[in-house]
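A.B. asks: Dumping the structure here so I can ask a few things about it.
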Amino acid sequence: LKLPGWLTDLRNLVLVELDRCKRCSHLPPLGELPLLRFLKIREMDVVECISSEFYGNGVNPFSSLEGLDIDSMPVLETSKTVNKRVNFPRLRILTFKKCPEKNASFLSRRDIGSIEIHDLSSVTNFLIGLLQNQTHLEELTIASLPELKSLLNKLDNLSMVKHLNFNGCKKLEDIPEALQKCFREFDFEWLQQSFFRFPELCLVDCPMLDSLPGEIQCLSALRMLPISWCNRLTSVPNQIEHLTSLFELKQESCTKLLGFQLSLLENIYKSIL
C-alpha cells in the first residue's frame, strides 16, 4: 500500500506525522514539501527501505526540515542517500528509536544540534560515524540500549555539547573512561570555550557504572547532576566539591555508594540550597 499522491500537493505543510500506517510499505516523496519543518514517522511496520522516492525529485530535498523523529520501524533494512544533493541541510533535531541501528547512517549531516538514540536492543557498539565530528551537537541522549557495552572514542570531538544523558544502558561499562578521555583530549583553552559551559550531566539506570572521573571538576559551569539507579556506583571523586555552579544534585537508589560519599554529596547539596 502507498499513501495518496496528493499529499505532496499540500505545499504549505509545516508538520507531518505518519503514525501507525502499519500496512503502508512505501514512504511518500515528502522531500518535495518546501516548508516542511518537522517530520515524525512512527510504527510503519512493513517499510523496508528509505529510498530515493522519499526524497522526491527536487534539487534540495527537505530544504526546511529541522526535526526528524523515526520511531518503531522494525523491518527497516536499507536506507539510501541522494547522490550529489544535500540531504536535510537544516536538520537540528534527530530522534531514532526502535529501528535497526545500522540505518541511522543515512543521516550524513554533521551540524545536528540534538540527537536522541532510544531502544536499540541489539546495539553492542555505538553507531559508527553517527557522532563523529558532530561539532554543533549540544544535546545527546542515549537511552534504553541494554546491550551497549562501550562508548570509548565515541564522544570525541563533541566540542559544543552541553547536555549529556545516559539512561537505561545496563551493560555500559566505560562511561568513566569515555568521559575522562573526552575531558583530557582537549587543551585548557578548549575547555574554557566548551565544557566550561556544560550545564547538565544525567546518569540514570546505568548499573555497570562504578565511578566518575576526577576530571569532572573541569565542568565548572555544571548546574545539574542527577545520578539515579546506578547500583554499582561506589564512589564519586572529591573534586566534585569544585563544581561551584552546581544548582541541582540528585542521588537516588545508588545502593553501593559508601557512607562518606553520601555525606560528601549531602554537604554539597546543602551548600547549593
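A.B. asks: Suppose the filter is closer than 22 Å to LEU76 by Cα, open to solvent by 40 Å² or more (accessible area, probe 1.4 Å) and under 24 Å from the mean Cα position of the chain (by Cα); does PHE38 pass it?
C.D. replies: Against the criterion (closer than 22 Å to LEU76 by Cα, open to solvent by 40 Å² or more (accessible area, probe 1.4 Å) and under 24 Å from the mean Cα position of the chain (by Cα)), PHE38 qualifies.
A.B. asks: On to the next question. Assess whether GLU53 counts as being at pLDDT 85 or above, open to solvent by 70 Å² or more (accessible area, probe 1.4 Å) and not in a loop (DSSP other than H, G, I, E, B).
C.D. replies: Answer is no for this residue.
A.B. asks: Please go through the range 115-137 and give me each residue that is at pLDDT 70 or above and surrounded by fewer than 17 Cβ atoms within 10 Å (Cβ to Cβ), ordered by number.
C.D. replies: GLU116, ASP119, THR135, HIS136
The values are calculated or read from the model by the stated rules, or taken from the named source; none is laboratory data. The model shown is predicted, which means the values in this text are computed figures rather than measured ones. Cβ coordinates were reconstructed from backbone atoms using ideal geometry, including for glycine residues, and neighbour counts include every protein chain displayed. The area values use the complete protein model at the heavy-atom level, side chains included, leaving out ligands, DNA and RNA. Shrake-Rupley method; radii C 1.70, N 1.55, O 1.52, S 1.80 Å.
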